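Below: the structure, in structure tokens.
The values are calculated or read from the model by the stated rules, or taken from the named source; none is laboratory data. This structure is a prediction, so every number in the text was calculated from the model and none was measured. With ideal geometry, Cβ positions are generated from the backbone for all residues, glycine too; neighbour counts draw on all protein chains shown. For accessibility, only protein heavy atoms count, side chains too; no ligands or nucleic acids. Shrake-Rupley method; radii C 1.70, N 1.55, O 1.52, S 1.80 Å.
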Amino acid sequence: RVTLCHGTFADAAKLRNDFTVLSLLDAMDWMPTEVIADTLAQLIPQVNRPKCRIFWRSLADYVHSPVLAHLEVKEVEIYDRVGWYLSQWVATVPEHYNPTALAAKPQTQVLSNTLLQDAKVAAILVAYGISSKEKDAAKFYAAQGELYDGFRESMLKDRDTLLRWAVPWTQPIKTWVSVGCGTARDVEFVVEQAKQWNTKIFLCDLSPALLKMARARVDRLGLQAQTTFVEGDITKPEIQRLLPSEGCDLVTCSYCVTMIPDWLAALQSMKSMLRVGGLVGIVDFTSRAEDGRAERFLRWWFAHDGVWFNRGHLEWLQKNFATAWVEEGSNRMPYTPLRPAHYVFVGRRES
């Protein structure tokens, strides 16, 4: 029997609650990630989960959305009859998959500085860059104070992509360590998800000034009972003892690995915190594969502020974790023509 529905996928889903096939064709190629998430959040509660298969085709030759990557996906090895699409996919719904996490909205503040405020932060960065080799990171961040977040908001892109979409909050995440948490800006993106799973959150940073701001933010978000603050270097044994060991569901790090001189020790420490099957999520700057004059200038420029671009970071992650999601992009730095590259990576510990 065929039933016609004039409306959206969500409208059609309300007609029954035992769908066994969702054929979405190429519609999701044209949807931004948030729309795909909202669509799945409304469709999946209406399906017969053990029997349901979700089908789509795409102009991309890979799973093109981090939200779709949360499903158990297989490529259909049959040529597309239309002769236009590069790939076809079929997916099932994983056990314990909770689609309500996809509909959760961030509790983010609008953060922006005036030109004068950004100039003040830029002056601090320049002074830090030309100072002696012995640099005090704690004083560096304390000097920026409340201007810290506003300056970085337009510079450090895709933190929301990592936290909201690439990390599969559709699955239970009971323990989360945020390395280099700064002011806990990342937490704002997933407040509802953390409350939904009653996630135990560990916020770790070197800077007491940033942790002070993080505490204020966590209090405002109502997550203080779930949150532990750890001040220190995660590569140090005394700090590692304060963090979960081989039992953590999620470890994230936003734009921090490039600021850690012994980055390999830091990444190994993050891996050691995870249980088998646990997830690491990283968003950070990287070097482009092509090493032109502009790329060399970017590395030189950022190195003066203690940020070291290194493609080896992403390569190590891809070798040591099963990739759940990876993408690369670029973003123009405020007040400059510079467009440094960055990546988003989520990987699963296999052993």
Worksheet entry | Single match in GLY277, GLY247, GLY281 (criterion: of a type outside the set (Phe, Trp, Tyr), at pLDDT 95 or above and more than 24 Å from GLY312 (Cβ to Cβ)) | GLY277
Response to the item:
When ASP160 is run through (1) assigned to a loop (DSSP other than H, G, I, E, B); (2) under 28 Å from ALA322 (Cβ atoms), the failure sits at (1)
Item to complete: Mind checking which helices (runs of 4 or more DSSP H) fall wholly inside the stretch 166-251 and carry at least 2 residues that are basic (Lys, Arg) and more than 20 Å from the chain's Cα centre (by Cα)?
Response: 208-221
Practice prompt. Return a yes/no flag: does the stretch 207-214 have any residue that is open to solvent by 10 Å² or more (accessible area, probe 1.4 Å), touching a helix residue (DSSP H, G or I) at 6+ places or on another chain (Cβ under 7 Å) and at pLDDT below 95.
Written response: yes
Discussion item. Name the residue that is farthest from ARG349 (Cα to Cα), counting only residues in the stretch 260-278 that are open to solvent by 10 Å² or more (accessible area, probe 1.4 Å) and within 18 Å of the chain's Cα centre (by Cα).
Written reply: LYS271
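This table checks each residue for (1) of a type in the set (Lys, Arg); (2) touching a Phe, Trp or Tyr at 6+ places or on another chain (Cβ under 7 Å); (3) closer than 23 Å to THR161 by Cα.
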residue	(1), (2), (3)
THR20	no, no, no
ALA27	no, no, yes
THR33	no, yes, yes
LEU40	no, no, yes
PRO50	no, no, no
VAL63	no, yes, yes
VAL67	no, yes, yes
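I'd like to verify a number: residues in the stretch 214-235 that are of a type outside the set (Ser, Thr, Tyr) and more than 14 Å from GLY180 (Cβ to Cβ), how many?
The qualifying residues number 12.
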Practice prompt. Filter the strands (runs of 3 or more DSSP E) completely within the stretch 37-115 down to those with at least 2 residues that are surrounded by 14 or more Cβ atoms within 10 Å (Cβ to Cβ).
Written response: 53-58, 87-92
